[in-house]
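Participant: Mind looking over this structure? Questions follow.
The values are calculated or read from the model by the stated rules, or taken from the named source; none is laboratory data. Fair warning: this is a prediction, and the values are worked out from it, not measured in the lab. Neighbour counts run over all protein chains shown; Cβ positions are idealised from the backbone, glycine included. Surface accessibility is based on the protein's heavy atoms, side chains included, excluding ligands, DNA and RNA. Shrake-Rupley method; radii C 1.70, N 1.55, O 1.52, S 1.80 Å.
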Protein chains: 2
Amino acid sequence: MISISKEDFANLSKIHRLNLINSCTGYKSANLIGTISKKGTKNLAVFSSVTHLGSNPALLGFILRPTTVPRHTYQNIKETLFFSMNAITETSIKEAHQTSAKYQEDINEFEATGLEEECKENISIPFVKKSPLQLLCKYQNEYEIKENDTLLIVASIEKMYIDKLLLTNDFWIQLDKGNVVSINGLDGYSKNSLIDRLSYARPNEKSNSLK
Amino acid sequence: MISISKEDFANLSKIHRLNLINSCTGYKSANLIGTISKKGTKNLAVFSSVTHLGSNPALLGFILRPTTVPRHTYQNIKETLFFSMNAITETSIKEAHQTSAKYQEDINEFEATGLEEECKENISIPFVKKSPLQLLCKYQNEYEIKENDTLLIVASIEKMYIDKLLLTNDFWIQLDKGNVVSINGLDGYSKNSLIDRLSYARPNEKSNSLK
């Protein structure tokens, strides 16, 4: 085992530090957030920090660095309150990654990257076509994390669109059936395959497989 | 595609709602948090909400429901400020899952689940032996998410222990080389394999593979 301390982090080059610290918390979710500005420009950006916050009410959170790339996402969400969240699949990792480029504000990342847009009836927010798991979300609140000037955005899940192949009888979504990927660090995209589902754990009892 | 709305979520049974909403944000990180109480009782609990918050300073966050199982983790962190974070691997998913059982406060989950404890020199916090990626973290702050009465815990990464097989020349940690798993929903454990690493994205340029 190699041991690396806080003091060592400070002495690393910026890119080495980004690589190390971005990959040390484990696998991250892989989602594309779709928004539209008041003027009507559509925006799409990859996020790896989307996290489940609670089920009742259905809430999720994600982290924003207000001074870097996803600023258009933030501006648009503040203007319209709504956004889409689209699971990234194995066949679209290159296009999804490309949305992290610093495009100008008037650039529509669907057009720039070739990801196909899907319009839903009565919803102006763009979705990513062929994504097997799409959420319509609504901004609820933001918390300033003063330790590093980031923002935690809290949003409610208003509507969910799922490829029925992914949904089991007990309403669990089996993500690998849709080839949904996870993210390793800043730039690694990972394929997943289910090992097992385990029953609710109780003291002094062994969990069973639910597969 | 099946469409499920917010109103439908409310009509689902509790377990169906938990399954659905816990799995709709994508894959989650899989970590065991190790703590010790002031009295000296060691505690270990599985967490799927650990998220990278920033690299400089090195910060991570995770979500706590103060009224449910991981309360001992919270109490201990508040008492001692320190905790360990240990990546869960394929061979230990059953034992890791078992730590989510509601054990009494005086139960040491290392002993109850059979996960082997590792002691580091001059550190009282217990680590999980054989985990290829272990972090020593220090509590920095907490934010009350008032939308659902959860807490975001913010912590600094003080020290990192990595199996050298996982660390690349540019300080990226290749998690699948350590058989680190991800979590799908409440109870699904997933194996990972790297598809590709992609170079920094720039407008009007194609990313290259970094593998």
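Participant: Among the listed residues B:Glu158, B:Glu121, identify the single one that is among the charged types (D, E, K, R), at the interface with chain A (Cβ under 7 Å from one of its Cβ atoms), on the phi < 0 side of the Ramachandran plot and surrounded by fewer than 21 Cβ atoms within 10 Å (Cβ to Cβ).
Facilitator: B:Glu158
Participant: Conditions first: (1) assigned to a strand (DSSP E or B); (2) under 24 Å from A:Glu205 (Cβ atoms); (3) aliphatic (A, V, I, L, M). B:Ala101 passes all but one, so which condition is the exception?
Facilitator: (1)
Participant: For region B:143-169, name all the residues that are acidic (Asp, Glu) and part of a strand (DSSP E or B).
Facilitator: The answer is B:Glu144, B:Glu158.
Participant: Here's something else I'd like to know. Which condition from (1) more than 19 Å from A:Asn184 (Cβ to Cβ); (2) modelled with pLDDT of 95 or more; (3) open to solvent by less than 10 Å² (accessible area, probe 1.4 Å) is the one that A:Leu64 breaks?
Facilitator: Here A:Leu64 meets the rest and fails (2).
Participant: Can you name every residue in region B:166-196 that is surrounded by 23 or more Cβ atoms within 10 Å (Cβ to Cβ), more than 30 Å from A:Leu210 (Cβ to Cβ) and without any contact (Cβ under 8 Å) to a residue 40 or more places away in the chain?
Facilitator: Matches in region B:166-196: B:Trp172 only.
Participant: Taking A:Glu79 as the residue in question, decide whether it is touching a Lys or Arg at 6+ places or on another chain (Cβ under 7 Å), in contact (Cβ under 8 Å) with a residue 12 or more places away in the chain and over 24 Å from A:Gly40 (Cβ atoms).
Facilitator: Numbers: touching a Lys or Arg at 6+ places or on another chain (Cβ under 7 Å): yes; in contact (Cβ under 8 Å) with a residue 12 or more places away in the chain: yes; over 24 Å from A:Gly40 (Cβ atoms): no.
No.
Rundown of residues vs (1) modelled with pLDDT of 95 or more; (2) open to solvent by 40 Å² or more (accessible area, probe 1.4 Å); (3) over 26 Å from B:Asn192 (Cβ atoms), yes/no style:
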{"residue": "B:Met85", "(1), (2), (3)": "yes, no, no"}
{"residue": "B:Glu95", "(1), (2), (3)": "yes, yes, no"}
{"residue": "B:Lys102", "(1), (2), (3)": "no, yes, yes"}
{"residue": "B:Glu105", "(1), (2), (3)": "no, yes, yes"}
{"residue": "B:Phe127", "(1), (2), (3)": "yes, no, no"}
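Participant: Please find, within region B:197-206, the residue that is farthest from the other protein chains (Cβ to nearest Cβ) out of those that are open to solvent by less than 30 Å² (accessible area, probe 1.4 Å) and of a type outside the set (A, V, I, L, M, F, W, C).
Facilitator: Within region B:197-206, the match that is farthest from the other protein chains (Cβ to nearest Cβ) is B:Ser199.
Participant: Tally time: how many residues in region B:170-204 are outside any strand (DSSP E or B) and under 28 Å from B:Glu121 (Cβ atoms)?
Facilitator: Of the residues in region B:170-204, the ones outside any strand (DSSP E or B) are B:170-172, B:174-179, B:181, B:185-187, B:199-204.
Then drop every residue that is not under 28 Å from B:Glu121 (Cβ atoms), which leaves B:171-172, B:174-175, B:177-179.
The number of residues fulfilling the criteria is 7.
Participant: Select from region B:137-155 the residues that are within 14 Å of the chain's Cα centre (by Cα) and more than 9 Å from chain A (Cβ to nearest Cβ) and list them in ascending order.
Facilitator: Of everything in region B:137-155, those that are within 14 Å of the chain's Cα centre (by Cα) and more than 9 Å from chain A (Cβ to nearest Cβ) turn out to be B:Cys137, B:Ile153, B:Ala155.
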